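Asks: Submitted below is the structure of interest, expressed as structure tokens.
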Amino acid sequence: MPALNRFRLLTLHAALFGLSTAMAGGFAGAYLLTLGFSLPAALAAYGMLLVLRFGLRGLAIAIVRRVGMAGALRLGVLIGAVEFLPLLMADSAPGLLVWILLVSLAEAIYWPAFHATTVATVAGDDSLGRQVAERTMVTAVVAV
């Protein structure tokens, strides 16, 4: 399979993963509000998620070394698939913290592995700039 086709499949995968993450994040915020969290508290939970995700990047590197790039992608998607189960118990502090930890861990593992895989897939191709621009455009459309 040519590198361009692999890149487009990875871009499609990232767009679908990003779309599902964005939709789930919107649902989670609304769900926290229906549980009685104030808007500042729900936003603080999201802020905690981002800070923790940044802090877990070092752990993500160790995981990639152990399971490889493809394994890290699979693990990130797998954790992402079950990360919202603890949200059912978010009315308690432990449930909310477990949810924040799982979301942060899934994203800290998945996204760096995805970006490294994408670069490795298209390395050496003359149309790398165009491909990266296409991926950025798809990501921007999904984010809106």
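Since every read-out is calculated from the coordinates, none of them should be taken as a lab result. These numbers were taken from a predicted model, which means no experiment stands behind them. Positions of Cβ are backbone-derived with ideal geometry, glycine not excepted, and every protein chain shown enters the neighbour counts.
Asks: As an exercise, use a Förster radius of 35 Å and the Cβ-Cβ distance of Met48 and Arg8 to find the FRET efficiency, rounded to the nearest 0.05.
Replies: 0.50
Asks: Express the relative contact order of the range 3-143 as a whole percentage, based on alpha carbon pairs under 8 Å and six or more residues apart in sequence.
Replies: 36
Asks: Suppose each label sits 7 Å from its Cα in the direction of the beta carbon; what would the Arg57-Ala15 distance come out to in nanometres?
Replies: Placing both labels 7 Å along Cα→Cβ, they lie 2.7 nm apart.
Asks: Okay, which of the range 75-93 sit inside 12 Å, backbone N to the point 7 Å along the Cα-Cβ direction of Val141?
Replies: Within reach of a label on Val141: no residues.
Asks: Once phi is turned into θ = phi - 60°, what whole-Hz ³J(HN,Hα) does the Karplus curve with 6.51, -1.76 and 1.60 give for every residue of the range 108-116, x standing for Gly and Pro?
Replies: Per residue, the Karplus-derived 3J(HN,Hα) values read 5, 7, 5, 5, x, 5, 4, 5, 5 Hz.
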